[in-house]
Each structure stands twice: as structure tokens, then as C-alpha cells.
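Below is one structure; the comments refer to it alone.
The values are calculated or read from the model by the stated rules, or taken from the named source; none is laboratory data. All figures in this text were calculated on a predicted structure; none of them were measured in a lab. Cβ sites come from the backbone with ideal geometry, for glycine too, and all protein chains shown count toward neighbours. Heads up: the accessible areas ignore ligands, DNA and RNA and are worked out on the full protein's heavy atoms, side chains in. Shrake-Rupley method; radii C 1.70, N 1.55, O 1.52, S 1.80 Å.
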Amino acid sequence: MTRPLNRDRSLEKLERACWPAPSADDTRLITTAHALRRRPIGELTVEDMRLLIGQGIGLPYLLPLAVEVLRENPMAEGHMYEGDLLSAVLTRNPSVWAEFPELGRELHVIVSKLAGLPPYLQQKVERFLAP
């Protein structure tokens with residue numbers, strides 16, 4: 001992504017799309033995702049990004065932020081396990097990286113330098129790096 005991110009704006013503002021309020025029957029995941037879409041993206045934590053990216057929400061805005069975090073700490077973790085943000089990013093559909101080739105190249109550089117990964121991450125890295 002070549003355009004600068006306005007970190008003071010929420011996904012709702014950036015995407016110009018407000019989702020309807022979740023119903024009382026919706027899951028905690030759904031209500032959390034709705035709430036996070038209203039928070040400025042610059043205030044999102046690693047866990048917030050992991051959750052939203054894992055659900056495929058706000059990728060044009062969140063993937064650049066996630067790659068920034070991974071550049072500094074490839075094993076950054078939310079509430080699941082060490083490297084859970086990397087896992088969420090790596091498991092996006094390959095077509096995402098066709099849309100954002102610069103980010104894909106940067107992520108490729110980041111993960112190609114990693115060694116001694118736990119098996120659950122090593123498999124994801126290998127799939128990502130495979131042609």
C-alpha cells in the first residue's frame with residue numbers, strides 16, 4: 001500500500017461503511033469485531049489486529065500495521081500464543097498478497113530470516129514462501 005494511513009480514523013471511517021449493531025444473539029467474536037471497527041486503527045493492539053485480520057476484516061488498513069509490528073517483532077503475540085499475529089497474517093488468502101505486492105515482499109523478507117520456529121508456525125511460513 002503506497003498511501004499513508006490515517007491512524008486516527010477507525011475502519012468504519014476509512015472504509016466508509018458502518019455495520020449494523022450486533023444483535024443480542026451474536027457471538028462475542030462478532031460483537032468484539034464490531035467494536036474494534038469503531039476504534040481508531042492507531043489504538044489497536046496486537047490482539048485486536050490478530051482478531052480482525054484472522055477474520056479478514058479491514059485488511060487494506062490492518063496488514064500494513066501488522067507488517068510494521070512484525071518487522072520489529074516477528075513473534076509478536078496477542079492472547080493466543082507467541083507468533084499469533086504472524087500466523088493470522090500468513091494464513092490470508094494468497095490473492096491478498098497479489099493485491100498488496102509490496103507488503104507481500106516485505107513479509108517474505110521478514111519470514112525468510114526466521115529460524116527455529118515452532119512447527120505450527122514453520123508450516124505456515126513454508127506455505128507462504130512456496131511459489
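Observations
- The chain - percent of accessible surface contributed by carbon and sulfur, probe 1.4 Å: 51
- Rounded to the nearest 10 degrees, the inclination of helix 119-129 to the longest alpha-carbon principal axis of the chain is 90 degrees.
- The label-point distance for S23 and L129, in a model that sets each label 7 Å from Cα toward Cβ, rounds to 4.6 nm.
- Order of exposure, largest accessible area first, which applies to R37, R105 with probe 1.4 Å: R105, R37
- When the residues K13, K113 are ordered by accessible surface, computed with a 1.4 Å probe over the protein chains alone, the sequence from largest down reads K113, K13.
- Three-way shape label, region 77-131, alpha-carbon gyration tensor, a/c 1.5: prolate
- The chain, helix-only ellipticity at 222 nm - DSSP H runs n ≥ 4, -39,500 (n - 2.57), divided by all residues, nearest 500: -16000 deg cm²/dmol
- Taking all protein chains as they are arranged and a probe of 1.4 Å, the heavy atoms of V109 leave approximately 70 Å² accessible to solvent.
- Solvent exposure of region 6-131 amounts to 56 Å² per residue of accessible area, where only protein heavy atoms count and the probe is 1.4 Å.
- Its alpha carbons considered, region 51-97 gives a radius of gyration followed by a Dmax of 9.8, 27 Å.
- By accessible area with a 1.4 Å probe, ligands and nucleic acids excluded, highest first: order of H108, H79, H34: H79, H108, H34
- Prolate/oblate/rounded label for region 1-80 (Cα gyration tensor, a/c 1.5): oblate
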